[in-house]
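Note sheet for the following structure.
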Amino acid sequence: MSQQTGAAPGAGERQLATLEGVLERITYANEDNGYTVARVDTGRGAGDLLTVVGALLGAQVGESLRMEGRWGSHPQYGKQFTVENYTTVLPATVQGIRRYLGSGLVKGIGPVFADRITQHFGMDTLTVIEEEPKRLIEVPGLGPKRTKKIADAWEEQKAIKEVMLFLQTVEVSTSIAVRIYKKYGDASISVVKNQPYRLAADVWGIGFLTADKIAQSVGIPHDSPERVKAGLQYALSQATDQGHCYLPEERLIADAVKLLQVDTGLVIECLADLATPPEEGEDDPGVVREKVPAADGGDPVTAVYLVPFHRAELSLAAQLTRLLRTGEDRMPAFRDVAWDKALTWLKSRTKAELAPEQEAAVKLALTEKVAVLTGGPGCGKSFTVRSIVELARARKAKVVLAAPTGRAAKRLAELTGAEASTVHRLLELKPGGDAAYDRDRPLDADLVVVDEASMLDLLLANKLVKAVPPGAHLLFVGDVDQLPSVGAGEVLRDLLAADSPVPAVRLTRVFRQAQQSGVVTNAHRINAGQHPLTDGMKDFFLFVEDDTEEAGRLTVDVAARRIPARFGLDPRRDVQVLAPMHRGPAGAGALNGLLQQAVTPGRPDLPEKRFGGRVFRVGDKVTQIRNNYDKGKNGVFNGTVGVVTSLDPVDQRLTVLTDEDEEVPYDFDELDELAHAYAVTIHRSQGSEYPAVVIPVTTGAWMMLQRNLLYTAVTRAKKLVVLVGSRKAIGQAVRTVSAGRRCTALDFRLARQ
């Protein structure tokens, strides 16, 4: 079968050697740099497997490899071979071919069909698949459909392998190589060689830094204007990822000089070039410059925007003003309604009375074209929304309810007894991000209510407001003291700015029933800068643990064992760990691994798929980590949560049932879009609500600890909060008010309309 050649380990241990073997198992793979730890069968029999480590980028289980590298010894794992480069060798025996095909390497062929195909074609199997794939139909059980699928998968595998071999020289990960191929097909190598900075804009997962590394390896100069312009756009893109809609020009130039290590003068020249308005028929400029008031209220600054964010901010301000000022009214009955009678009727329906500030909010929503309702937990936002919807429907108004996440939409539907959907589904967003509903084709609605509006980022809010017909009433509902949206902008805060033309009501009174809840009481205490009370509470607990690593382990124990045992809650469905950050021993990344072991451990009889440093299993709780408009019925969006319901190693696909009750398939090469969600960062939990939350608050997350972060985490819980960590870290979170505003100018644009 395979053989071992080259220098033997020993005296010439560090000499370059050659090793051949079949890749049996990948025990670790870093998707970012391709570093892999694997076990290979060198054909010495007795199931004797050898450990190989190093650059095995793109190698697949079942492949025969010819590896060049050096022999060495690991103090824990013994003799191993460090690979410097490798080539794929087609297996030379029927048994090797059977294992190669049965490894899941080719979509549509698993161990059963690999056995049938090799029994039928013997040593000619690979030649038949390569040159006469239609002959596969001769194999019992292989119909035309599966035959075509196998042939297509074989061709794609070959083409991807060619791209990978080229990209191996620039250390691009397997998953990114696959994406480059899917984006550009046969033009992949040409694009990578000649236009590497296109990758950063076109291919998800490739940022400027990866594109820059590729560009340097193909000879693009360090001070090339193409590189500097790409770097400027990357710096702005990074700023939008941090929530800013623009950057002040001076800050952008300083960021770009630091990033690119080039002269300031060159950056200024390239920025001017990027911002030059295009001639007629030319593409849009890369960026837009405009004077706006500083975010902190200081002297005006020159703001530099990426084009989509500038357009969205102008558009959102104009659309809101259009709705506010229109003479049309799709709910005219409320202009001169007898409110005493209406509220008496409402009380008979809901069996409860509105407080004065709730009454004011009800009247505002039903008489003003655009309004905002804000307030903390226990202040009656939900009951106020239900009252507004009841009155509107009593007058036969068409009410449309939406929220940014599936969980929030479900909660809104339960609360009002009416259908609610995510904003994305409501607008029927299509591949590319365009919406089926917009200004030219508005929603058929008299009243649009958007819950959890603190989560609305600039781009989504703009799409939504465009689709509201003139004369309809639009109500934003949310808690402005929570964390702002994950995406760029601070839409709810800007709508509530002092000089905003949008009328608003803030509910402040905590109702007596809510006062008995430790969750509600402590949320308000945290928001007021006071330490939460934890003694004698039935629904709010603190486990003190000063050591960050121990706090991580204790968090897992509380979430996976203690809460289920004491409160009868399901650790997967009902308990959510919310971490201030992703990294560190008490971060979401490490906790996910530990929680998966506790809640969904591996079993020999169940298939699983290793991808990068993660393992996916049936039953895993997962979350989507990017907007993908091509998946599902109307796209699957960043933050969507679901459970893995099936995993098929033959078709190389797993299926996720999302919290919107949609089954979404993922090919194995798309798994970098999914992360485990047993633990999520507090930012990612926005708009969701869970029966119980467990929050590690440790000094290891010191830089992230802020009041609105802890407040947001606590307000995600319906019944139970458990803090795990140090009193010192909790004190830091309570004391620290978020530093500075995001760079947005929506409030300025609204005020001057």
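Most simply put, the range 366-500 has about 5% antiparallel DSSP beta bridges, counting only bridges with both residues inside it. Past 32 Å, Cα to Cα: identify those pairs from 347/410; 363/463; 182/621; 381/609, in the order given. The pairs that break the limit, which is 32 Å between Cα atoms, are 381/609.
With the Cα gyration tensor of the range 602-753 giving a ≥ b ≥ c as the square roots of its eigenvalues, does the rule (a/c under 1.5 for rounded; else a/b larger than b/c for prolate; else oblate) give rounded, prolate or oblate? The shape class here is oblate. Straight-line reach only, C-alpha to C-alpha below 14 angstrom: list the aspartates and glutamates that residue 728 could link to, leaving out same-chain residues fewer than 8 apart. List returned: 545, 546, 547. Taking θ as phi - 60° and the Karplus parameters 6.51, -1.76 and 1.60, the scalar couplings of the range 190-199 work out to 4, 5, 4, 6, 9, 9, x, 6, 4, 4 Hz in sequence order, x denoting glycine and proline. Please work out the Cα center distance from the range 679-753 to the range 280-336, rounded to the nearest Å. So the two Cα centres are separated by 28 Å. The range 507-554 and the range 356-385 have their alpha-carbon centroids 26 Å apart. For the range 711-723, backbone phi angles converted through the Karplus equation (6.51, -1.76, 1.60; θ = phi - 60°) give residue-by-residue couplings of 4, 4, 4, 5, 6, 7, 8, 8, 10, 8, 10, 10, 8 Hz, Gly and Pro being listed as x. Longest span of the chain, sites excluded, free of GluC sites (Glu not before Pro) in DSSP loop with at most 13 other C-beta atoms within 10 Å? With a cap of 13 other Cβ atoms within 10 Å, the longest stretch comes to 420-753.
Computed extension gain for residue 419 through residue 561, at 0.36 nm per residue and net of the alpha carbon distance, reaches 47.5 nm. For the range 190-310, the square roots of the Cα gyration tensor eigenvalues, ordered a ≥ b ≥ c, give a/c of at least 1.5 with a/b greater than b/c, which places it in the prolate category. How far is helix 518-527 tilted off the main Cα axis of the chain, in degrees rounded to 10, range 0 to 90? Here the helix axis deviates by roughly 80 degrees. Once the Cα-Cα distance is subtracted from the 0.36 nm per residue extended length, the residue 242 to residue 330 segment shows a gain of 27.8 nm.
Nonpolar atom fraction for the range 236-368, defined as the carbon and sulfur part of the 1.4 Å probe accessible area, stands at 49 percent.
Each label point was placed 7 Å from the Cα along the Cα-to-Cβ direction; for residue 263 and residue 516 their separation is 7.4 nm. Quick one: compute the contact order of the range 483-549, relative version, from alpha carbon pairs under 8 angstrom and 6+ residues apart, as a percent. In percent, rounded to a whole number, it is 16. Using the Stokes-Einstein relation with a Kirkwood hydrodynamic radius computed over Cα pairs, the translational diffusion coefficient of the range 678-753 at 20 °C and a viscosity of 1.002 mPa s comes to 153 µm²/s.
Loop-located trypsin sites (Lys or Arg not before Pro) in the range 508-570 (DSSP state not H, G, I, E or B) with no more than 16 neighbouring Cβ atoms inside 10 Å: 509, 538.
For a Förster distance of 45 Å, can you work out the FRET efficiency between the beta-carbons of residue 307 and residue 396, rounded to the nearest 0.05? With a Förster radius of 45 Å, E is 0.60. Based on Cα contacts under 8 Å between residues 6+ apart, the chain shows a relative contact order of 11 percent. Counting only DSSP beta bridges whose two residues both lie in the range 642-753, roughly 60 percent are antiparallel. The mean sequence separation of alpha-carbon pairs under 8 Å and at least six residues apart, normalised by the residue count of the range 697-748, gives a relative contact order of 53 percent. Using the Cβ-Cβ distance between residue 352 and residue 284 with R0 set to 60 Å, the FRET efficiency works out to roughly 0.65. Taking every DSSP bridge with both residues inside the chain, close to 60 percent are antiparallel. Its Cα gyration tensor gives the chain an equivalent ellipsoid, and the semi-axes of that ellipsoid, as √(5λ) in whole Å with the largest first, are 50, 31, 27. Ranked by the mean number of other Cβ atoms within 10 Å of their residues, highest first, the peptides 316-325, 495-504 fall in the order 316-325, 495-504.
Would you please give the FRET efficiency between residue 703 and residue 547, computed as 1/(1 + (r/R0)^6) with r the Cβ-Cβ distance and R0 = 30 Å, to the nearest 0.05? Calculated transfer efficiency: 0.95.
Show that you can apply the helix-only estimate: for the chain, add -39,500 (n - 2.57) for every DSSP H stretch of four or more residues, divide by all residues, and state [θ] at 222 nm to the nearest 500. Present the calculation step by step, with values, prior to reporting the outcome.
Working: 27 runs with 277 residues, N = 753.
Mean residue ellipticity, 222 nm, calculated: -11000 deg cm²/dmol.
A 1.4 Å probe run over the protein chains yields, for the chain, 44 Å² of accessible area per residue, whole-number rounding.
The values are calculated or read from the model by the stated rules, or taken from the named source; none is laboratory data. Everything numeric here is computed off the predicted structure, so don't read it as measured data. Virtual Cβ from ideal backbone geometry, glycine too; neighbours counted across all protein chains shown. What goes into the accessible areas is simple: the full protein's heavy atoms, side chains included, and nothing from ligands, DNA or RNA. Shrake-Rupley method; radii C 1.70, N 1.55, O 1.52, S 1.80 Å.
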